[in-house]
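The values are calculated or read from the model by the stated rules, or taken from the named source; none is laboratory data. These numbers were taken from a predicted model, which means no experiment stands behind them. With ideal geometry, Cβ positions are generated from the backbone for all residues, glycine too; neighbour counts draw on all protein chains shown. Please note that ligands, DNA and RNA were not included when accessible areas were found on the heavy atoms of the full protein model with its side chains. Shrake-Rupley method; radii C 1.70, N 1.55, O 1.52, S 1.80 Å.
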Amino acid sequence: MTTKNQTVTSVSWITDFKEITKMRLALSVVFSSLAGYLLGAETIEVKTLVLLTFGGYFMVGASNAFNQIIEKDLDALMDRTKNRPVPAGRMSVTTAFIIASVFTLLGIIILYIINPQTAMFGAISIFLYTCVYTPLKTKTPLSVFVGAIPGAIPFMLGWVAATDDFGIEPGTLFAIQFFWQFPHFWAIGWFLFEDYKKGGFFMLPTGKQDKATAVQTIMYTVWTLLVSLIPAFGITGRLYLTPISAIVVGLLGIGMLYYAIQLYKKMTVQAAKQLMLASVSYITLLQIVYVLDKFIR
């Protein structure tokens, strides 16, 4: 019986650990960082890939753990978050804080081993997400703008890890993921509107599920597509996209734009969910296309 209880406890702790660090989100961020590294690297170093993987995960895990500590009382009010480890009482604030602090130190140290600039951007990301974005979520819809900055860092972080340089190339990667954040999070803010309202979060640009929000979603989707195609014009240094790959990226962008327009037409939760899924598919496939384009051409 003791062994069975210990097993259940271990499984529960692992589940809570995955939840406090938001493992799925963290892994998607690591994927972006690795894509950026592959784009920037002239020769691929396995050691750097491993360091970037762990450093990136620790960086995101720390941000998410701090976030859940700060928002524990608000998380308890929302159906989506009330079962998280801290608001549900399965994990103490002290334990969560220790995890967040250790992850912060490990993340910055590991990224510093790669190069100082990578560690600097990682530290900036944790600071902005925890100390600026999180408090602003209950104050103003501009929190999405602030949150888009740390959210856009991972793609460019990989390039900086590969080159120890910040220039037009990582700047472009940053811009792509920065503009993408808006339709993505506004779609989430739309279909979780009622739940967010329980916690007092302002996620939509107008604060409402209205036509103005839908129009802005379309506008930022267009900006995302246009910025994603800039490398095809040969003005972004070593970051280049061949015409065939540019066409693929363009088609992916048109697909995402279609769902943004559908949100404007239908104004439904279902349309918002479809746009969210389309946005995730877009950024993932875009990064794959960019990497394949580099190694195939």
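Computed values, structure above
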| item | result |
| --- | --- |
| Mean Cβ count within 10 Å, highest first, over the residues of peptides 213-221, 241-249 | 213-221, 241-249 |
| When the chain is reduced to its Cα atoms, the Kirkwood hydrodynamic radius in Å | 19.9 |
| Ordering of 28-34, 151-157 by packing [mean C-beta count within 10 Å, highest first] | 151-157, 28-34 |
| Label point 7 Å beyond Cα of PHE295 along Cβ direction - residues of segment 152-169 with amide nitrogen under 19 Å | 155-163 |
| Cα convex hull of segment 162-245, projected area averaged across orientations, nm² | 7.4 |
| Charge dipole of the chain about the Cα centre (unit charges at C-beta), most positive-ward option of ALA162, ALA271, ALA26 | ALA271 |
| Shape of segment 201-297, Cα gyration tensor, a/c cut at 1.5 | prolate |
| Among 134-143, 108-117, 60-69, the order from most to least packed when residues are scored by Cβ within 10 Å on average | 60-69, 108-117, 134-143 |
| Value of relative contact order over segment 118-160, rounded to a whole percent, pairs C-alpha under 8 Å and six or more apart | 49 |
| Debye equation applied to the C-alpha atoms of segment 141-287, log10 I(q)/I(0) at 0.08, 0.17 Å⁻¹ | -0.23, -0.91 |
| Per residue accessible area of the chain, 1.4 Å probe, in Å² | 46 |
| Per-bin percent of Cα-Cα distances, segment 243-297 [5 Å] | 5, 21, 24, 18, 13, 9, 6, 3, 1 |
| Partner lysines for LYS72 [C-alpha distance under 27 Å; skip if fewer than 8 residues away on the same chain] | LYS18, LYS22, LYS82, LYS137, LYS139, LYS197, LYS198, LYS208, LYS273 |
| Qualifying GluC sites (Glu not before Pro) in segment 25-71, DSSP loop, other Cβ atoms within 10 Å at most 16 | GLU42, GLU45 |
| Lysines whose Cα lies under 22 Å from that of LYS47, excluding same-chain neighbours fewer than 8 positions away | LYS294 |
| Potential extension, VAL46-SER101 segment - 0.36 nm per residue separation minus Cα distance | 17.1 nm |
| Solvent-accessible ranking of MET267, MET78, largest area first, probe 1.4 Å | MET267, MET78 |
| 5 Å binning of all Cα-Cα separations within segment 70-186, expressed as whole percents from 0 upward | 2, 11, 16, 18, 19, 16, 11, 5, 2, 0 |
| Of all accessible heavy-atom area on the chain, the percent that carbon and sulfur account for (1.4 Å) | 70 |
| Cα-centre dipole for the chain with unit charges at Cβ (Lys and Arg positive, Asp and Glu negative), debye to 20 | 780 |
